[in-house]
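The values are calculated or read from the model by the stated rules, or taken from the named source; none is laboratory data. All values derive from a computational prediction rather than experimental measurement. So basically every Cβ, Gly included, is an ideal-geometry build from the backbone, and we count neighbours across all protein chains shown. For accessibility, only protein heavy atoms count, side chains too; no ligands or nucleic acids. Shrake-Rupley method; radii C 1.70, N 1.55, O 1.52, S 1.80 Å.
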Amino acid sequence: MAKAVIDEKFCKGCGLCFTVCGKKLLKAGDKANAKGYYFAVQTEDDKCTACSLCAIICPDAAITVYK
Amino acid sequence: MDVVYKRSGALSDVSTTYCPGCSHGTAFKLIAEISEELDIVNKLVFATPIGCTTFSAPFHKFSTFMSAHGRAPANATGFKRCNPKRPVIVYQGDGDCAAIGTGESIHAAARGEAFTVVMANNQVYGMTGGQMAPTTLTGQKTTTTPNGRSVEACGYPIRMAEQIAQLEAPRFVTRQSLHTPKNILQAKAAIKKALELQINEEAYSFVELLCACPTNWAIEPSGIKEYMEKNVIPYFPLGDLKG
Amino acid sequence: MAKKEMWKGNEAMSEVALRAGCRFFSGYPITPQTPITEYLAWRLAEVDGVFIQAESELAAATMLLGASIAGARALTATAGPGLSLMTESLSCLASGRLPAVIVDVQRGGAATGNLQGAQSDYNMVTKTLGHGGLKGLVYGPSTVEELCDIIYDAWDKAEKYRTPVFILSDASLGQMMEPVDIKPFKQLDESRFDLPYVIGREESEKKVIQDTPYAGPYSTMSENLDYNYRKYNEMYEQWKEDEVLYEEYMMDDAEYVIIGWGMAARISKSAIRNLRKKGIKVGMIRPISLFPFPEKPLNALDAKKIKGILVVEMAIPALFYHDVKAQVDKNIPIKANLHCGGYLSQVDEIEEDILKMAGGK
Ligand SMILES: Cc1ncc(C[n+]2csc(CCOP(=O)(O)OP(=O)(O)O)c2C)c(N)n1
Ligand code: SF4
Ligand code: SF4
Ligand code: SF4
Ligand SMILES: [Mg+2]
């Protein structure tokens, strides 16, 4: 069971990770972080392949990927 | 569960001040990852430019020194000649490297100084709010080319990597991009190669990174990939120019 | 006392710099500074030092900055238009509190000017090093021996205060041959190369060197700069107590005082000797440190005793003259003898000026 965990402290809600996830598992959450960004969340983590594309493109190194 | 990708330990736990989607963050992340892989976090000296990355010291764990706008290659020359054991990355914006600092850039490269230049080419002056850079594309609107950059008034954008590649001393000159995961991994391999050449063979290398400045391009980060492929990469071709 | 040898000013100061521990020189050829660059090109190689012929003075002074950050005793030298290009780095050195030594072998005129000696860069380095209004120690030697003495101690001072040290030589001093004591080598500790000049943050092995002191007790940059530059200013004020250097020459019974520095003062000494033979009681106060400026000996000139002051200076418009005028008793008549553009001060003119003051004797 793989998953991508977004650290809300670093996420700026840029959405780059949304565009690269082949499974479309990432989206903006409905909560804002301390800086006011609606940080990304992963939906349906059972479909995650741990491909890490989301983490690689994240400019803010906010994503940890587990497998 | 195993961790397959995590935030580099060479980054601090301070969130950067860059805009959402800004490629400077990606470039820093790669340098942090490489410095861990090469086990040089405590040795690496990062020469910062004047631009959006001037105040980047809190975001990572390497030592840093500042330079005046465009002067980082000269500053790093003095530094590295006197302190040759420290790996040095000179990080510059396109304005820093290819406008105000052109002389310092070319001559440090011509001398083959033993450091690695990473030039973040985002085709604008990010820090000062989106004026024309030496790399601004023909037709591109900026605050100082409100009708789009015209060749008559401003000439053509400078391909800096090509300028550096025609010199004898540089060992490795390449242009990479940070707009897709695949390109990011290639850019990482290039920076790593450049650093290894510096550490093992005292070689000068130049890595130009095509970067996005979504704020001054006035586009959403989700549009970066298309913008890069349609406008930027055709003028600034990717790949190794030397070495 | 060590045996003195005949040396030209430029070469002598270069050799003494090396013996003071200088192991880095970056420069760009410009007359009358070039002999320094040429001398150090071969001489630094002999001692495993670093010599770089830079692509411009802009780059040369920036390389100096980098060498200083690295921990080396670093030197650059220039003249005229080269100084204009170096001011960017002078500002960074002063603001980043980085030690380094800069020699200006002054030449005549502004812009391209000409190649003979002058003193017209006085304001440019004593008032502020580049933009931002900060200071460094500034010296104006008048003999080759004094030039050597100053540069021999320059890095000790630079490192003690973490400040740039600026030496105003000139074309004549650089080319003149005089007996000097070429001093012994100073031994330096290798530990100096571990990024010693942190300004900002030092967290275990991470060191941050900034050209501006943003770090401080406050939360905003402006408050911290205000706070830090205030401290810099306290140091500059303290220099007035601890670092003032000047010479008094035949002042015991003097009724007329010549005030000058560097080459102008040296030329004036000949005039003083001639005037003394004519029975005129004339002496001289010669500032050696130009910043800090020797205020006290000038403040002490007594209007009851001193009948006139002649400031001799190789600059038009006058620069140094105004600093002198601000410090002396308003009741003492003061005149200036000025030349510029490479036209040196003239002994006979100086004598004439003093004789006129003395009532045509
Ligand atoms: C001598 C000098 N001139 C102008 C500036 C103002 N300035 C600061 S950053 C900058 C442009 C930076 O653009 P670039 O190098 O492309 O970096 P970016 O911010 O895009 O990363 C300018 C013009 C300065 N700091 N110093
Ligand atoms: S790429 Fe990173 S910063 Fe951007 S939304 Fe995804 S997790 Fe957040
Ligand atoms: S690791 Fe791959 S599959 Fe999983 S969320 Fe990230 S991009 Fe999607
Ligand atoms: S202005 Fe542009 S270059 Fe600067 S941080 Fe924002 S996106 Fe990045
Ligand atoms: Mg830019």
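Of note:
- Whichever residue in region B:73-132 is assigned to a helix (DSSP H, G or I), open to solvent by 10 Å² or more (accessible area, probe 1.4 Å) and not small (Gly, Ala, Ser) and, among such residues, is nearest to ligand 4 (Cβ to nearest atom): B:ILE100
- Some residue of region B:153-176 being on the phi < 0 side of the Ramachandran plot and within 16 Å of ligand 4 (Cβ to nearest atom): no
- Screening C:THR37 against (1) more than 23 Å from B:ARG86 (Cα to Cα); (2) among the β-branched types (Val, Ile, Thr); (3) in contact with a helix residue (DSSP H, G or I) (Cβ under 8 Å, 6 or more places away or on another chain) leaves a single unmet condition, (3).
- Unmet requirement for B:GLY223, which otherwise passes all of (1) within 14 Å of chain A (Cβ to nearest Cβ); (2) touching a Lys or Arg at 6+ places or on another chain (Cβ under 7 Å): (2)
- A:THR49 being of a type in the set (Ser, Thr, Tyr), more than 16 Å from ligand 1 (Cβ to nearest atom) and either under 10 Å from the mean Cα position of the chain (by Cα) or over 17 Å from A:LYS67 (Cα atoms) (or both): no
- Residues located in region C:61-82, provided they are more than 8 Å from chain B (Cβ to nearest Cβ) and buried (at least 24 other Cβ atoms within 10 Å of the Cβ): C:ALA61, C:ARG73, C:LEU75, C:THR76, C:ALA77, C:THR78, C:ALA79, C:GLY80
- Matching residues, region B:1-37, being open to solvent by 30 Å² or more (accessible area, probe 1.4 Å) and facing chain A (nearest Cβ under 7 Å): B:MET1, B:ASP2, B:VAL3, B:VAL4, B:TYR5, B:LYS6, B:ARG7, B:PRO20
- Taken as a whole, region C:338-350 holds no residue that is touching a His at 6+ places or on another chain (Cβ under 9 Å), closer than 19 Å to C:ASN123 by Cβ, open to solvent by 50 Å² or more (accessible area, probe 1.4 Å) and not assigned by TED's automatic domain parsing to the domain that holds C:LEU168.
- Some residue of region C:2-10 being more than 14 Å from every other protein chain (Cβ to nearest Cβ), open to solvent by 50 Å² or more (accessible area, probe 1.4 Å) and touching a helix residue (DSSP H, G or I) at 6+ places or on another chain (Cβ under 7 Å): yes
- Any hit, region C:325-335, residues being of a type outside the set (S, T, N, Q), under 20 Å from the mean Cα position of the chain (by Cα), open to solvent by less than 10 Å² (accessible area, probe 1.4 Å) and modelled with pLDDT of 95 or more: no
- Top-ranked residue of region B:42-55 - restricted to ones that are within 14 Å of C:ASP211 (Cα to Cα) and assigned to a loop (DSSP other than H, G, I, E, B), ranked as farthest from the other protein chains (Cβ to nearest Cβ): B:PRO49
Listed here are the residues, each with its yes/no results for (1) in contact with a helix residue (DSSP H, G or I) (Cβ under 6 Å, 6 or more places away or on another chain); (2) more than 20 Å from B:LEU210 (Cβ to Cβ).
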{"site": "B:ALA133", "(1), (2)": "yes, no"}
{"site": "B:ASN147", "(1), (2)": "no, yes"}
{"site": "B:SER150", "(1), (2)": "no, yes"}
{"site": "B:ALA153", "(1), (2)": "no, yes"}
{"site": "B:ALA165", "(1), (2)": "no, no"}
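- Flag: A:LYS35 matches the condition of being open to solvent by 20 Å² or more (accessible area, probe 1.4 Å) and either within 16 Å of ligand 4 (Cβ to nearest atom) or charged (D, E, K, R) (or both).
- Residue in region C:113-130 that is farthest from C:HIS339 (Cα to Cα), counting only those that are open to solvent by 40 Å² or more (accessible area, probe 1.4 Å) and part of a helix (DSSP H, G or I): C:MET124
- Each residue in region B:180-206 was checked for being within 16 Å of ligand 1 (Cβ to nearest atom) and surrounded by fewer than 24 Cβ atoms within 10 Å (Cβ to Cβ), and 0 pass.
- Options B:ASN200, B:ASN121: the member that is more than 16 Å from ligand 2 (Cβ to nearest atom) and touching a residue at least 60 places away in the same chain (Cβ under 8 Å): B:ASN121
- Index of the failed condition, B:ALA218 passing every other in (1) open to solvent by 20 Å² or more (accessible area, probe 1.4 Å); (2) in contact with a Lys or Arg (Cβ under 6 Å, 6 or more places away or on another chain): (2)
- Residues being more than 20 Å from B:GLY21 (Cβ to Cβ) and facing chain B (nearest Cβ under 10 Å) - total across region A:23-63: 2
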